[in-house]
1. Checking residue 130 against (1) at pLDDT 85 or above; (2) crowded, with 18+ Cβ neighbours inside 10 Å, only one condition comes out false. Which one?
2. Could you grab the pairs with beta carbons closer than 9 Å, sequence gap of 6+ or different chains, first residue in the stretch 27-51 and at positive phi and surrounded by fewer than 16 Cβ atoms within 10 Å (Cβ to Cβ), second one at pLDDT below 90 and part of a helix (DSSP H, G or I)?
3. Determine, yes or no, whether residue 119 is without any contact (Cβ under 8 Å) to a residue 40 or more places away in the chain and buried (at least 23 other Cβ atoms within 10 Å of the Cβ).
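The values are calculated or read from the model by the stated rules, or taken from the named source; none is laboratory data. Everything quoted here is computed from the prediction, not taken from an experiment. Glycine also receives a Cβ, built like all others from the backbone with ideal geometry; neighbour counts cover every protein chain displayed.
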C-alpha cells in the first residue's frame, strides 16, 4: 500500500505542476497578446505620422523586429545587464535620442504613443520567454512603477547593447 501511495502522490504532484505550467503559459500568452496589440496600435500611429523623428521611427521598428521572437527576452535582459554593469560607457546615440525625444514632446499625442509603444513593446517581449521574461520585467518595470516615461530610455539603451551580428527574423505579418 505504501508504494501505491507514493505513486499516487507523485502523480498528483506531476498533474499539479503541469496544470500550473499550462495556466502560466496561457496567462503569459494573454498578456503578450494584450501588450503586442497595444504596441502595434501605438507603433502604427508613430510610424505613419510624418512629424515623428526618424530616430524614434527606427527605434520602434527595431522593437517590432523582436516582439514575436522567443529569444528576445534573453537578448534584452543580457543587454540590460551590460548597461547596468558598464556605467562608464555612455551610449553615443543618447544625444540623438534626447533631441528626438524633445521634438516628440512638442506633440503630446505622439509623445504618449511613444511611451505606450516602448513600454508595451518591452512588456510583450518579456512575455515571450518564461525564464528570462520575469527577469526582464523585474529589472525594467521596477523603475516604471514610479515613472512609466522611463521605458523609451530603457528601450533606446537596450538597442545599443544588442549583439551587432544578431539579425532578427524577417518581418512577419506585422501591421507596422
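1. (2)
2. Sorted first by the residue in the stretch 27-51, then by its partner, the list stays empty.
3. Spelling it out, residue 119 is indeed without any contact (Cβ under 8 Å) to a residue 40 or more places away in the chain and buried (at least 23 other Cβ atoms within 10 Å of the Cβ).
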